[in-house]
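Single-structure report; data block below.
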Amino acid sequence: MSTIICPKCGTSNADTALNCGQCHISLQWAMQNLAGASPAQLQQQTPALAVPEISPSIVEDGIGQRNMLYGALWCTGGIIITLVTYGMASSGSGGGTYVIAWGAVLFGAIQFFKGLFQCLR
C-alpha cells in the first residue's frame, strides 16, 4: 500500500485517505494548490475551516420539541384506544369490557411535560 505525504505538514497518509490525519486538510486540494510552496505561503494559502457554532439552547429546543411531540402522540393514542374500546363495550346490550390505556396516557403526559420544560429553559 502506498502513502501520500501531506504538502502542508509532511505527515504520511494512506493513499485512500481523503484528508490528512494530522492537519485535516483535503489531500486532493493540498496536492493541487500547495505542491512546492514555502512554509510562509502555506500559512497564507490554507483555507480556514468554517465550523458553525451550535448553541446548546438550539439543541435543547429541538429535543424539547421532539419530546413534546412524542408525548402528545402517546397520550393521544392512549386516549383514543380507551375511547374506542369503551364505545365498543357500551354499545352492546349486555355491556362489555374495555381497555383503559393508562400507561400510554401517563407516559405521554410525562414525556410532553418533560419536553415543555426543556423548551422553557
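Every number here is computed from the coordinates shown, using simple stated rules; none is lab data. This one's a predicted model, so the numbers in the text were calculated from it and none came from an experiment. Cβ: placed from backbone, ideal geometry, glycine included. Neighbour counts: every protein chain shown.
Based on the Cβ-Cβ distance from LEU116 to ILE81, what FRET efficiency comes out when R0 is 22 Å, to the nearest 0.05? Efficiency at R0 = 22 Å is approximately 0.40. For the range 56-120, the relative contact order is 52 percent, taking Cα pairs closer than 8 Å that sit 6 or more residues apart in sequence and dividing their mean separation by the residue count.
Between HIS24 and MET88, the modelled labels are 5.6 nm apart [label points 7 Å from Cα along Cα→Cβ].
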